[in-house]
Structures are given as C-alpha cells and as structure tokens.
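See structure below.
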C-alpha cells in the first residue's frame, strides 16, 4: 500500500519553474504521467514494481527504516534509506553486486546520512531520528527513459544518465570503512574529503573548474556563494557569503561553507552569469565538484499579441530551459521575468548562444501556441495569448469529516499529454480551491485526502471551460471509512 505525501518543503524550494507554486503545481508542460512523492516507514517488503532483477533483495533488506519514490513528475526512482552496522552493509554489498545490470555504482561520503522521508524539512529536533548509514536508489528502467524524454526543465536527470542502481555509503557513525568489502567490478565514486586532498576540518568543500564554452580555455571567473532565504510573499532573497576568483587555470575552492540553503554562481566580463549549484548544507563535512563553462552574451527580443493581433502590455516574459550546444542546461542568475511595454515588446540582453524557450504570463490569459524552443540569438519573436477560463472547486464535507489536507486534481478529458493544461492543489480554509488562467476545454476533476488511498478518490466530474468565463462546481467528499 502506498500513500501520497504533501510535496515536502525542501523539494518545494527547489521547484523553480512553472511546474511548482506554493498552493499547487500546474502541469503546463502536461507530461503523460506524473506523481507526488510517495513513501513510508519501516522494512515491510515492497512488491517489485519493475526494477532490474536482483534489486528487490537490496531494497527490501531488513535494515531499511524508510523509503520513498520520486521524482514528482513521472515517478519510478525508488529510495531505500537504511540504518545498520558494517556487517549488515557487507551483506548488502554482496546483494548489490548481484543486481543484473552494469549500470550501477557505489558512492562514498563523509559523515552520517539523513533520511529525506523522515525529515524532509530538515527540522533540528528530528535530525537524530533521521540518521542513516547507507541509501539504495534504483530506477524502473522505463521511468528513467521517460524522464529523458521530458522537456529539459521538467527532467529529474540529465539526458546521458544511465545509472539504474546506486548505493550511497556514509562512512561516519556506525560504519567501519576498513571492514567493508567493496565489489571490485563495480565503479566507486569517492566523495570523501581525504580522497581529494582535504581534511574534515575543512567542513563543506566545493571545488571546480571554469572554462570558456566555445574555446575550452580556462577562465579566471568570479565565484560567488550566496545564502538563499524565501521571501514571505514570493521569490527569494540572496545574501553573498563568500566571493573568490578562480586561478589562471580556472580552478577554484570554497571551504567552510556555512549551514543553510545556498547557491554558487559564476560571472566574468562579457559572459552570461551562470548558477552551477544549489545545495542545502548541514553541519557535516562534505566534498562536491562543480566544473562548468561560461558562454558569451547574445540577445533575444520579440513581442506578445492578443487574439485580435493587438499588442499586450505587462505580460511577464521569462526565459526558461536555456541550453547551450550539446543540450547542457544553463541556469541564469537573474531569472526574474521582464514585462512587455505598451507595444508588447520585450528584450533580454544576457543570453548564452544555443537554445531557449519562453514562458508567458498575464492574468486572465493563456498561451495559444505550444511552448517550443528557438535558437539564440533571436529577434522579432512573436507570441499570442488568448482569454483563459477560471475554475472554482468546492468540496462538500457535510457527510464526512474533513481531513487536515485534501487535494483536488484537474486533468484534460482523454488524459494528460504534452501541450495540455492540468493542475492540482490543496483546499483552502474554506474548503475550496480556484484554478486561474486555465486553457479552454473539457476537464475531469477528482479529489481525495492527502495522504490517502485511491479508493478515497471521488468519482470524476467533467466540465467544459470557455475562455473569458468562470465556472464553479461542488463535489461531495467520500464518507470516511
């Protein structure tokens, strides 16, 4: 039995695209399958959902204290979080070696691991209870392939990711590393500080190389570490913690990174600034490497029109899914949207050469054409927005007790697929939720407690929404069993 969970806070913070909002997430990209994070506690064996042969023995080992499945859009990546001693881990290592795939690896870490499922919001008082000694991650092969077909800003993995099974070992705590027998035939990625010339007293260490994207020559770029704090209303505040300069070979090192949520970005004259890492840092020593390139700046410009071909002002225009040649994601430091002027015109002046997509937002409107990538630099781009619909859903709890959390799903009639709108979100204090800027069309609405089971879901209700109009519906919740 699997239960749905609220999208955990740490995960919410990293959703920086149109797919995630504080109240709900909107399937604007409309992938053909999606799921919330699901999971549970304990070591009751789970039925194999389609893992590589041999993986079930590792996943269902008695040392497992929690498990979860992600990512939110697509699912199929399973995580077993485990607690045990070196003897138990050696048994797991033997089982891991027997998994029938050569697409597996072992990763070594300093310190003690932390269970994501048992403490997703990293609350200090739950830290000890969430301690783990190793974690096993395994993909359903078809779900990994599905992820690689998604638009790049919706993927949980890179296009070249091939690892189906991974064992992360935390060498602190109850693990005596010298007593472990690592299978010789399995690749080992050693992320321990000592393996890279550092000491535990160096704390959290970030290291990398900066090169020019086109020439591959090293750049003496500026490397900036910033602490991230969510604003109370929306968006984020960034506070610079450290600023260093890479050497003549493009090499840089940051030691003693402080506790908290941080990002690292690079900048150099004539190049587009680039975010290369986001990480939540705790008080444990860690090492990670972030090699990256910087691209020279080019520009992108265009205009936005309404259905009648008239210019639309105050449309929020954001560059998304920026990719350099080779399909490498290029995260912009300044990703705040521009607004179109009175002539519907917009222009971005710091864009890398490659490909990009544009997202558009204006209350009461929806985008007419599918979101498609274009080559940069670009000028005279043209987009059209049409009048959108509004849907208000109220859940009637007169015949049942309202649970603490209750979720409403809206999907296109005929199923979710690329190019269609869809949405999901939790009820407010008044037992209702409003979906705005909905594409006109026919939709199927269901609702259920969260967490809950599929037989708690209400029967589907179909509605037809028209542009420029608002519709209200009421759905009776299923009586509590």
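Here, each number is a calculation from the coordinates, and none is a lab measurement. Since we're looking at a predicted model, the values are computed, not measured. Glycine also receives a Cβ, built like all others from the backbone with ideal geometry; neighbour counts cover every protein chain displayed.
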What FRET efficiency would be calculated for the residue pair residue 457, residue 47, taking the C-beta separation as r and a Förster radius of 22 Å, to the nearest 0.05?
0.55
Relative contact order for segment 346-401, counting Cα pairs under 8 Å that sit 6 or more residues apart, in percent
34 percent
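Kirkwood Rh over Cα pairs of segment 294-388 into Stokes-Einstein at 20 °C, 1.002 mPa s: D in µm²/s?
Working: Rh = 13.5 Å.
My calculation gives 159 µm²/s for D.
How much length is gained if the chain between residue 233 and residue 339 is pulled fully straight, taking 0.36 nm per residue apart and subtracting their Cα-Cα distance, in nm to one decimal?
Details: separation 106, 0.36 × 106 = 38.16 nm, distance 1.96 nm.
Net length gain for the segment: 36.2 nm.
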What shape does segment 57-128 have by the C-alpha gyration tensor, where a ≥ b ≥ c are the square roots of the eigenvalues, rounded means a/c under 1.5, and otherwise prolate means a/b greater than b/c and oblate the rest?
oblate
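Let me know the shape class of segment 283-349, please: from the alpha-carbon gyration tensor, a ≥ b ≥ c as square roots of the eigenvalues, rounded when a/c is under 1.5, otherwise prolate if a/b is greater than b/c, or oblate.
Prolate shape, in that a/c is at least 1.5 and a/b is the bigger ratio.
Which number comes out as Rg/Rh for segment 200-294 once both Rg and the Kirkwood Rh are worked out on C-alpha atoms?
Details: Rg = 13.8 Å, Rh = 13.8 Å.
Radius of gyration relative to Kirkwood radius: 0.99.
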Distances over 18 Å make up what percent of all Cα-Cα pairs in segment 153-263?
71 percent
Cα gyration tensor shape of segment 197-246, rounded if a/c is under 1.5, else prolate or oblate by comparing a/b with b/c:
oblate
Taking 473, 228, 433 and counting other beta carbon atoms within 10 angstrom, the fewest-first order is 473, 228, 433
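Using a Förster radius of 60 Å, what is the FRET efficiency between residue 464 and residue 282 based on their Cβ-Cβ separation? Nearest 0.05, please.
My answer for the efficiency is 0.75.
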Any chance you could run the full-extension gain for residue 432 through residue 98? It's 0.36 nm times the residue separation minus the Cα-Cα distance, nm to one decimal.
115.2 nm
In deg cm²/dmol, rounded to the nearest 500, the helical mean residue ellipticity at 222 nm of the chain, built from -39500 (n - 2.57) for every DSSP H run of length 4 or more, is -2000 deg cm²/dmol
Radius of gyration and Dmax over the Cα atoms of segment 33-191, both given in Å:
15.2, 44
Segment 305-416, relative contact order in percent, only Cα pairs under 8 angstrom and at least six apart counted
26 percent
Cubic angstrom per residue, convex hull over Cα atoms of segment 343-423:
173 Å³
As a test of the definition: which semi-axes, in Å, follow for the chain when you take the square root of five times each eigenvalue of its alpha carbon gyration tensor? Largest first, please.
38, 33, 19
Say each of residue 349 and residue 142 gets a label point 7 Å from the Cα, pointing the same way as Cα to Cβ; how far apart are those two points in nm?
5.1 nm
Percent relative contact order for the chain, counting Cα pairs under 8 Å at least six residues apart, stands at 13 percent
Report the normalised scattering of segment 389-476 as log10 I(q)/I(0) at q = 0.17 Å⁻¹, calculated by the Debye formula with identical scatterers on the alpha carbons.
-0.68
Rank these for me by crowding, 271, 67, 238, going from fewest to most other beta carbons within 10 Å.
238, 271, 67
Nitroxide proxy distance, nm - points 7 Å out along Cα→Cβ at residue 392 and residue 368
3.0 nm
